[in-house]
Structure formats: C-alpha cells, structure tokens
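What follows is one structure encoded as structure tokens, with my remarks underneath.
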Amino acid sequence: FKFNYADVYWNSRLQTEHARLINIFSRSQVIWDMFAGVGPFAVPASKLKDCFVFANDLNPQSHRYLEINRDLNKVSKDKLIAYNMDARAFIRHMLSSSPPPPSSSTSTSTSTPTSTSTPTSTSTPTSSSSSKTGTKDIIIPPSSEVNHIVMNLPASAVEFLDVFKGVTIKSNPTIHCYGFSSSDHPRADMIRQVEEVLGHAPVSPQVFEVRDVAPKKLMMCISFRLPSSSSSSSTTCSSAPATISSPSTTSPSSSSPSSSSSTTSAATEESTSNANRESTKRKLDDDDDGGDR
C-alpha cells in the first residue's frame, strides 16, 4: 500500500482484523465499503477473493490513494470502483440505481450532498452493466446483489446506520459496523448502540472484540443482517434476483433474536470473558479516538 501519513489514516495493528473480515467474504461476492480509506478491505477483497467492490471515502486524498493502491495491486477498475462521496449519499446512490459502468466517471464531487440530494451517474442505470476488459466481458452486478456492507469508521460509523432505516435489500446483506465501547459489557453495548439508531434490534447480531485502544475502551465490530422483506412503507432494492453464498461459521445466523434476548445473551457472555480480558489486556501507546482504520 502507498499513502502519505500526513494525508490519510492508517493503523498497521488492524491487519489481523482486515484478514478476519476478508476471510468471511466468498469468491465473487459484492461488497460496499462506505469508509474505504486507502483500501485495506477493498483492495484485498477484490484481489484475493475476486469480489466486486464499490469503495467510497469522503477524503479526497484517501480516494486518490485508494485508486493508486488498486492500480499498484493490479486490480481491475471493473472489479473495484472508487467513489469520493459522503457515506450516506453513497448508500442512497447505490440503493437508487445500478452502479455506473467503470467507463463512466465514478468519482463525484467532494462536496457533501444535502440529505435530500441523490448523486447521479453519468450513464443511464440499467439492471446490470457490462464492461469489456481485453476480450473478457465483466458484468457489473446490480445493487440488489450486494452481500456485505463494511462500515469501518469506529468513532462514528454507528451514527451512519440511520441511512438504512426502513431499507431492505433482496440479497439480505450483512452489515459489518465498527465502533468503540467503554462499557463493562461491550458486546451488549454495541447491540444497544445499533438498536438506538435503527429503531429496532439488529437481525442475527454477532459482536467481535477487535482490540484495546485505551484502558477500558475497546474497538468492536458488530455484524448483522439487513432485512430482506419489509412493510410497504420501507424502501426495497430488488432490481434483479440475487444469490447469496452460505455464510461462514463466523457470519451471523439466519435467525432473528429479539432485543431483550440478544442483550441478555451478550451480557452473559461478557460477564464470563471480562476476567480473561483483564488478565491479558495489552498496554498501547495511543488512543485512537478519531478513527481506527
């Protein structure tokens, strides 16, 4: 990876977490990366798992290095499409149309759109788009076929979950949202944080402890399913049938626990693990409050 520390954020201590999440992805799945940075998830997912990755970052320098790292790793522009947008606007754009072909301008203005604006592509969206690389046609999958949505901005990613309120996607994707917790029961706390923003309990949540960032402050990752069916008042993205690979053993299950049962289960597990975590707690040199990518 190439980047300038003065322009972007990078934390080498997260390589294990990057590998853990990428290993969950199945080959040729569709990934939306809302806070892609310089590409620590996006580039390996496309290069190693042959995933279609739609990667976004608001920081123009992160977006520039994302494209540089894509090219350095010989990843096709047809398989990793980089956007330079506000994260909520990026999701609204992905939900409102099929992704633009790579031949179009996939980088939008760096100005933050208002809550009512929807960025438009320079091409007319269709149910699926085709791009030719050499002699090989690459079909750009429609929005309804997304399998995973990555939200790696732990200082504020949970707040951006409001863009999914009332939204369903036919492919029933898994959201991987990073956050911080200073609670004595961080797993239950992450479920609570998500529920407060979504307005309902997350579907099939699984919470992972990523690392300590300060005394009594943990970086966490919560993975849960976005519903695939909804009431008539919800926004549904279903422009084409989707095929989802069977989730790995580390992915959330298909059952939908209630808020109370999820929180109780997580709290019980937390009380068991607290003593073990305290005895092995690492002393770190920094407190990564701003972001931990």
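No lab work stands behind these numbers, since they all come straight from the coordinates. What you see is a predicted model; the values in this text were computed from it and never measured. Cβ: placed from backbone, ideal geometry, glycine included. Neighbour counts: every protein chain shown.
Placing dummy labels 7 Å off each Cα toward the beta-carbon, the span from residue 217 to residue 16 is 2.0 nm.
At a Förster distance of 41 Å, what's the computed FRET efficiency of residue 159 paired with residue 27, Cβ-Cβ distance as r, to 0.05? Step by step, r from the Cβ atoms, then E = 0.80.
If you count, for each residue, the other Cβ atoms within 10 Å and average over each peptide, how do 40-53, 184-197, 64-77 line up from highest to lowest?
40-53, 184-197, 64-77
Subtracting the Cα-Cα distance of residue 209 and residue 74 from their residue separation scaled by 0.36 nm leaves 45.4 nm.
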